[in-house]
1. Take region A:158-179 and flag every residue that is within 8 Å of chain B (Cβ to nearest Cβ) and more than 18 Å from residue A:132 (Cβ to Cβ).
2. Would you check which residues across region A:450-472 are part of a helix (DSSP H, G or I), more than 7 Å from every other protein chain (Cβ to nearest Cβ) and at pLDDT 95 or above and list them?
3. Working only within region A:412-423, note down all residues that are crowded, with 19+ Cβ neighbours inside 10 Å, more than 10 Å from chain B (Cβ to nearest Cβ), free of Cβ contacts under 8 Å to residues at least 60 places away in the same chain and in a loop (DSSP other than H, G, I, E, B).
4. Limited to region B:343-356, what total is found for residues that are facing chain A (nearest Cβ under 9 Å), within 39 Å of the chain's Cα centre (by Cα) and part of a loop (DSSP other than H, G, I, E, B)?
5. Filter region B:152-169 down to residues that are surrounded by 24 or more Cβ atoms within 10 Å (Cβ to Cβ), in contact with a helix residue (DSSP H, G or I) (Cβ under 9 Å, 6 or more places away or on another chain) and in a helix (DSSP H, G or I), then give me how many there are.
6. Looking only at region B:254-304, which residues are in contact (Cβ under 8 Å) with a residue 60 or more places away in the chain and more than 22 Å from residue B:462 (Cβ to Cβ)?
7. Checking residue B:123 against (1) outside any helix (DSSP H, G or I); (2) away from chain A (no Cβ under 14 Å); (3) in contact with a strand residue (DSSP E or B) (Cβ under 6 Å, 6 or more places away or on another chain): exactly one of these is not met. Which one?
8. Just for region A:196-224: of the residues that are within 19 Å of residue A:266 (Cβ to Cβ) and surrounded by fewer than 21 Cβ atoms within 10 Å (Cβ to Cβ), which one is nearest to the other protein chains (Cβ to nearest Cβ)?
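The values are calculated or read from the model by the stated rules, or taken from the named source; none is laboratory data. Just so it is clear, the model here is predicted, and its values are computed rather than measured. Note that we place each Cβ from the backbone using ideal geometry, even for glycine, and neighbour counts take in every protein chain shown.
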């Protein structure tokens, strides 16, 4: 543990869920069940005057009735009841309150905005720190904190601070399917007290966190944020997705978290003075996250591409080049090796390797040529296109049979960064449980288990790789000062 | 039927598969089974001196042994045997030969290139037209022609000419999952005789074809092609994906179909003088295909966006705007309608509609507000974000229950173009047959059945819509001349 003020807040030994719900229909009704599902080992106190028991736990009419002290409160009470709840919390020595409670400044209404300011003043007076309001709070699997039942129980080394709770949910669940496991996730909403700079600063110091993700709609203190960002990016990759970049987006963030849109040009200029990595879309945000999570940065841009055939190889070349990678021709020594091994395609094969050309696919398998490439010093990174498609005509087809057929051994692939492309077919109801689909899912799990990130398209893989290389170069440049 | 020379070629009453295979392992081994699976109603003659019977059909030692005439030949014989096979074909009055046979000019070798030229000369002398070589040939479901067992049997109104057989396969199968059904598909490879201009010209005249797709690596006769393209785009949308745009891609097309890369600038300039729609990637190619297949072009750029919540709505606004759509604020009359109906969020809700804001989701459901928007004259098109995610906690959850919950009725959605966004989660083996996944697949099938195209991301939907609008404006501009 560090001495950062957030460290105490994020390690409560007791949590009260005030305004707890007995149903699980509707937003924010699952806080209690999430803590139970995630296995929070401290004390949990449901609070709601309507119930005496919730999920097998004694339910208290108010915070004041709880015996002893409480460290952390999750608030689901209506906005107007927050001041009283804070007074109650202070009487229990509560250190921090997560206000799921919303309908404050984001409504654009004067009274609601005033109430939000009163709450901040009161919390400061009472010595209580606020996460939120209008947010989902904390997911910290190692400490059993969570705001969704289905989040992974295992910890990992990537942290997320997200101004949107819905996106935090999406990023954790989508990211988990792509192999991410999180150290800490904080959905922080309107950020009236603790804000993006506090969370970033904490993640910078957190030994469990190696990569940092941020979804930001607006920053509270630009100078502090960019100072913190500059310091943090010198030691850890920080990937940022900015919401509200256009006019309509600016309107949307104002009604979502009452954030003021910064001018896109000003924001971009400030970001570019740090080694932060800016994502252009949610998809790219996840792509970059898995890239930095699984891979060390490639030493250069020279990519070897295998696994395509025919037009797919042609398009792979185009996409890699337009993403800024260098699709070098097969080196002369490489060709000569192929010739000396008696492969008649030695002078015809190219990079990307077009497998439709190869006649003896048993000897010159995808795995064989891929291994040859990984040993060639001309290449800095590899993209391998994999699909189960069209290979399952034999009965009892398994992933191991597919790998054997392709000569692939993933356990020896780790000398240089390898990115896999696994397409996502838009299956309909008639083929939603096909054998190919199951093998594709199994392939994804196998790749993750071997530390190889996958991407749904070659273009997305290539772009993520290029942005990794760029950020590494920017970091070296700024280190040189 | 038209009087186009291809019309006769594509309506054979007898087909011989020369060099037929008895296994289905390896490329091109499935031609016979594809014809049988697709229900070709004419005569089918397997030809291979090694067998007397294949798939229950009598197998002939050579073309000459077949009784009577043969209209169409699919050739799997080795390259050096093609001249003899053509002589045999001529003796049977064959009109056209599809040369799956490869290893010609694409090898980059002198003898192979010379042989290809000899074959062309011989075919011209014998009056036989050539599709290919180095290609998969024809898929024409209404006539029972196919080169893959699994292609849909139903016909549709989109045609494809693809220089790559692998891509033709991908485009048909991926496109089918997105709801496309094809009139005719021709994989045409090296195009030594019939080429891209012939196929385009044929599709232009074909009454069954309403939208045309082309994957092109290089054109044989630029002037003829652009003349044909200009004429065709005046009457039907033509969506083009160009392979070999960069240096590495140019190398790749030379070893794939021996095509010469045109200079990207020259190509783009020529395309921009037609109303053709250029796709930047295979994914965009399919997105544009489904857009033109299912939708009429929006009358303008003013988009209404529903179905998102929180940060997803913010990012939807950003993505639509950066794609060039106009994300207008909710019109004042619209807000007043909401106010008059007693919804407290009337002055707070915006476009994109952020559903996390709405309190009474029963009355002000997604379907309700969406219907209100479709009746508002300020909007030209709609994007609706749909996901099954997080809504399946009740047992026996069905798609109908989801639609009822959201107040959605898809059958009344057809007044203006509607694009749906259905995310594609990268499921692993542990959740590949989850209830949510099945409902997502069912949702896709339901959307297609209701004539609503879907896209995996909001960005891809927005970009496809913008390109539709642009092409419509370019068409109007060129019509004005």
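1. A:170, A:173, A:174, A:177, A:178
2. A:458, A:460, A:461, A:462, A:463, A:464, A:465, A:466, A:467, A:468, A:469
3. Selection gives A:413 alone.
4. The number of residues fulfilling the criteria is 5.
5. 3
6. Of everything in region B:254-304, those that are in contact (Cβ under 8 Å) with a residue 60 or more places away in the chain and more than 22 Å from residue B:462 (Cβ to Cβ) turn out to be B:254, B:255, B:256, B:257, B:258, B:259, B:274.
7. Tallying (1) outside any helix (DSSP H, G or I); (2) away from chain A (no Cβ under 14 Å); (3) in contact with a strand residue (DSSP E or B) (Cβ under 6 Å, 6 or more places away or on another chain), residue B:123 fails exactly one: (1).
8. The extreme case among them is A:220.
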